[in-house]
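The values are calculated or read from the model by the stated rules, or taken from the named source; none is laboratory data. Computed from a prediction, not measured in an experiment: that's the story for all the values here. Glycine also receives a Cβ, built like all others from the backbone with ideal geometry; neighbour counts cover every protein chain displayed. Side chains included, ligands, DNA and RNA excluded: accessible areas come from the protein's heavy atoms. Shrake-Rupley method; radii C 1.70, N 1.55, O 1.52, S 1.80 Å.
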Amino acid sequence: MNKRNTQQRRHLIMTELQQHGEVSVEQLAERFQTSEVTIRKDLTVLEEAGLLLRRYGGAVLVPQDFVTDSSLEQVSKRKVAIAKAAASLIKDHYRIIIDSGRTTAALLPELAHKQGLVVMTNSLAVANALRELENEPTLLMTGGSWDSQSESFQGQLAEQVLRAYDFDQLFIGADGLDLARGTTTYNELYSLSRVMAEVAREVIVMVESDKLGRKIHNLELPWQAIKVLVTDTGLAKADAAMIEQQGVSVIRAEAD
């Protein structure tokens, strides 16, 4: 399907969401006579634009207006800007953890010029990307139970492996930012994130500014556990100041 038809399909997916509040991958694939893989790619693009939230087997609506292709491109630029700013905090020979997620994955190309890194991850996608770097770091995997929703390893085994090491930094994303509490998540499996934070000297959260204000119940990491928040200039200075009052350094990266 060409680009125009792809955008048309994504507009129609948003129409379905506006009408029903949620959609399923199976139903959308049947309606548009396309594969579930294609629908999942559509939902991923729309989620990165802040228009919907992925759920197991489908998605639910985020109430805001549909954005244009240029807005989608801007989202990507924000991720790159955040990744560049986060990478500037990494020194050669550091031992770091990279959690699963699209924003943290944007960090990987920025590691190409770092020397002697040791990287632990719970993500197969991250592990595979690290193996392609010219200066391939020493790679460690958590192992554990595979969680298809987060596409990462979770569980007690993964936690035990992490506790056997100590790290300089953790790079982790979030589904939401709560000015009063910290980072939040829709995933019920967030205990591994807290173990990651426990075994790292510095916790660096990488998240786009539009995650602020999402009403999410699950607290993943309290501000007291976070050293640095790397976000984009969409985060208002007043909100950044409130977060800094919690003892967190805030970096507002500007997209090119």
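Just a few scattered comments:
- When the residues Glu30, Glu47 are ordered by accessible surface, computed with a 1.4 Å probe over the protein chains alone, the sequence from largest down reads Glu30, Glu47.
- Here each label is just a point 7 Å from Cα along the line to Cβ, and for Leu139 and Gln19 those points are 4.5 nm apart.
- Surface calculation, 1.4 Å probe, protein heavy atoms: Ser88 sits at approximately 80 Å² accessible.
- Residue with peak Gaussian network fluctuation, the chain [Cα springs, cutoff 10 Å], from Gln245, Gln149, Gln33: Gln33
- Each Lys and Arg adds +1 at its Cβ and each Asp and Glu adds -1 at its Cβ; summed about the Cα centre, the chain shows a dipole of about 200 debye.
- Debye equation applied to the C-alpha atoms of the chain, log10 I(q)/I(0) at 0.13, 0.15 Å⁻¹: -0.86, -1.13
- Per-residue extension of 0.36 nm, minus the Cα-Cα distance of Gln156 and Gln245, leaves a gain of 28.6 nm for this segment.
- In order along region 201-209, the phi-based Karplus estimate (6.51 cos²θ - 1.76 cosθ + 1.60, θ = phi - 60°) of 3J(HN,Hα) comes to 5, 10, 10, 10, 8, 10, 7, 6, 5 Hz; Gly and Pro are listed as x.
- In terms of distances greater than 25 angstrom between alpha carbons, the cross-link table entries Lys79/Lys215; Lys114/Lys237; Lys79/Lys237; Lys77/Lys211; Lys91/Lys211; Lys91/Lys215 yield Lys114/Lys237; Lys91/Lys211; Lys91/Lys215.
- For the chain, the longest piece that avoids every one of the trypsin sites (Lys or Arg not before Pro) found in DSSP loops with at most 15 other C-beta atoms within 10 Å covers 1-90.
- Accessible-area rank, largest first, for Asp147, Asp92: Asp92, Asp147, with all protein chains present and a 1.4 angstrom probe.
- Just so you know, the averaged projected area of the alpha carbon convex hull for region 113-256 sits at 9.1 nm².
- Contour excess over end-to-end distance, with Cα ends at Ala238 and Ala29 and 0.36 nm allotted per residue: 70.9 nm
- Placing unit charges on the Cβ atoms of the charged side chains and taking the dipole of the chain about its Cα centre, the candidate lying farthest along the positive direction among Ile216, Ala85, Gly144 is Ala85.
- With the simple spin-label model, which puts each label point 7 Å out from Cα in the Cβ direction, the Glu198 to Asn128 separation comes to 3.1 nm.
- Computed 3J(HN,Hα) for region 97-114, one whole-Hz value per residue from the Karplus formula 6.51 cos²θ - 1.76 cosθ + 1.60 where θ = phi - 60°, is 10, 10, 6, 5, x, 6, 6, 5, 5, 5, 6, 4, x, 6, 8, 4, 9, 8, glycine and proline marked x.
- Largest GNM mean-square fluctuation across Ala81, Ala129, Ala158, computed for the chain with C-alpha springs under 10 Å, falls on Ala129.
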